[in-house]
Every structure is written in C-alpha cells, then in structure tokens.
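Have a look at the structure below before the remarks.
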C-alpha cells in the first residue's frame, strides 16, 4: 500500500494515473462497520481491475468545525495506516483538514476529490457527509456526480441491534466495557507508549511495572485493572495493567498506566511499546496497606492467567 499525506489543492503528481474505486470516510478506529465499507471498495476494485483508493483526513473534522480541544482518537494516523493496509487497500490518502479545505462547497469537493481522482465507483457508509459543515450526504451525491461514477452506499452495520460507531466504542472504552468495544472493533484496542521511570513502588511490592506515557492523541481506557498483552521489541508478552491514581499510597501522580509483565525481567526504559487491552478485571480500590494490595495483585494475576488459558 502506498500512503500519501497531501494538502489542498492536490498537485497533478498526487492524482492517480489509473481509474479508481474511491473509499471515503474518516474511519476512526477502523471498526467492523468501517471494515465493511473498506472491504466493499477493495472487492469492487479487484472485480473491475481498478485501484482501490481510500481518502481520509489527518485530523477529525470536529477539530476544525467544532473547535474540539484535546480530541482523543481510537486510531492515530499511524495505527489507521496499519489497519487499512491489512484490508488490502492500494492507496491511502491523508488530506490535511485545514480551514481552507473545510470551506469547500459540495460540488467543489466532489469535482476535486472524486471526479478528479478518476473514480469509477465511490464507496462510503450510509452516514457519510462532505462539504462545508457536513452539508451534503450520500443521498445528494448523485446530483453532484455529473454522471462520472457509480455510487455504492454501505448500509448501517449493527451489533446487538445497535449501530457500530466510533463514538459509542469510545464510550465503552471509557466506561469499563473494553471487552464489548473489542467486539465492535473486531480486534483488541491498542495504546502506544514509551516506558519511563516511575516510583518503583511495584518492584518493592513484588510486582514490577513498566510505566507508560501513552501517545497524547490516543484514548486511554477507564480507571481500573485489565488483562493485557504488551509488545516489546517485536514479541508479545502476557500482562496485567493498571490505569489509576495510586490511591492506596496517596502519591499524587495523576493518572498512570502501569503494566506488570509476566515472566519478564528486562530493562526496557525509553523503549516504545504497545498494549492490547483484552479484558476489564476490576475498578481501582484504596487498600488499607501494602499487604492487602499484594493479596489483590496476586488475585489479579491469577485471574489474568485464567483469562489467557480460556481465551
């Protein structure tokens, strides 16, 4: 897959030379609903011997339209690239979503980012919108297409009779329901981070932890203890991870992400790792001392190992 980061307006060199199937959407998280849209486009391209081209943006339109501050993503551009590539797309475009770009009228957007991209088919979800402040949608697209391409609208994808959507998945991750979120994503939710020095409290308790500074644009799961896997130097390790405030010792550290890696004894300070959040174990509890906390950590580890044995 070829990935391009482009600015409006596109240059001639950035426009595909061949006829294409365009796949349109922001695709935060590339969840199961998004996967249906993308696979539809990829399959269509293969059937007609065309190139599959996915066009997305470098940031959420909400950052520009609604001036959203400190916006958190299910998938940063790096993660989105990984997920899209797995689905067999030929070209991935990240268009810089600037104020100027956001003001394109629907016809201008269609002319420049669909017709000009040699689209023979345009594939998007039923709720895809475009143009200034989302003013146009899939129902109005035939009127802007100038008869140059066919339109394929992928219907709503559901789970337990509810729409699969990025916003609802975020709510689940923030409310102790990462297990269900993973069902909707179609994979285990991931955070990326760097291992930094902590207070060494876990080591003193017999549960040394890798303390992570998570990529600032990524959504972090709710406070609690989780069954996780951690990728270190190309190898996955079973682990359990706490997201919390260290309330037992009143250490005033703010929210920390601390991963206890099973059967692991290496110095990984300053290394970049990724964590898969597999299962929510429990909430954060303030214990009456170190002994009570150690008992709970032993139980957490036992429950984590049982999870891996059964999954």
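The values are calculated or read from the model by the stated rules, or taken from the named source; none is laboratory data. The structure presented is a predicted model; accordingly, all values stated were derived computationally and were not measured. So basically every Cβ, Gly included, is an ideal-geometry build from the backbone, and we count neighbours across all protein chains shown.
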Residue within segment 121-138 that is surrounded by 17 or more Cβ atoms within 10 Å (Cβ to Cβ), at positive phi and in contact with a helix residue (DSSP H, G or I) (Cβ under 7 Å, 6 or more places away or on another chain) present: yes
Using the structure shown, decide if residue 25 is surrounded by fewer than 24 Cβ atoms within 10 Å (Cβ to Cβ) and touching a helix residue (DSSP H, G or I) at 6+ places or on another chain (Cβ under 7 Å). yes
Which count do you get for residues in segment 89-103 that are under 19 Å from the mean Cα position of the chain (by Cα), under 14 Å from residue 59 (Cβ atoms) and assigned to a loop (DSSP other than H, G, I, E, B)? 2
Any hit, segment 26-48, residues being over 16 Å from the mean Cα position of the chain (by Cα) and assigned to a loop (DSSP other than H, G, I, E, B): yes
Could you tell me whether residue 23 is under 14 Å from residue 125 (Cα atoms), in contact with a strand residue (DSSP E or B) (Cβ under 6 Å, 6 or more places away or on another chain) and part of a strand (DSSP E or B)? yes
Starting from segment 282-304, take each residue that is within 15 Å of residue 244 (Cα to Cα) and list its partners that are outside any helix (DSSP H, G or I) and modelled with pLDDT under 85, counting only C-beta distances under 6 angstrom and pairs at least six apart or across chains. 293/287; 297/207
What number goes with the only condition from (1) under 22 Å from residue 221 (Cα atoms); (2) surrounded by 14 or more Cβ atoms within 10 Å (Cβ to Cβ); (3) touching a residue at least 60 places away in the same chain (Cβ under 8 Å) that residue 261 does not pass? (3)
I'd like the full set of residues that are buried (at least 19 other Cβ atoms within 10 Å of the Cβ) and outside any loop (DSSP other than H, G, I, E, B), limited to segment 139-153. 141, 144
Can you name the residue in segment 66-97 that is surrounded by fewer than 17 Cβ atoms within 10 Å (Cβ to Cβ) and in contact with a helix residue (DSSP H, G or I) (Cβ under 6 Å, 6 or more places away or on another chain) and is also farthest from residue 167 (Cα to Cα) among such residues? 88
What number of residues within segment 55-70 are at pLDDT 95 or above and either within 16 Å of the chain's Cα centre (by Cα) or part of a helix (DSSP H, G or I) (or both)? 5
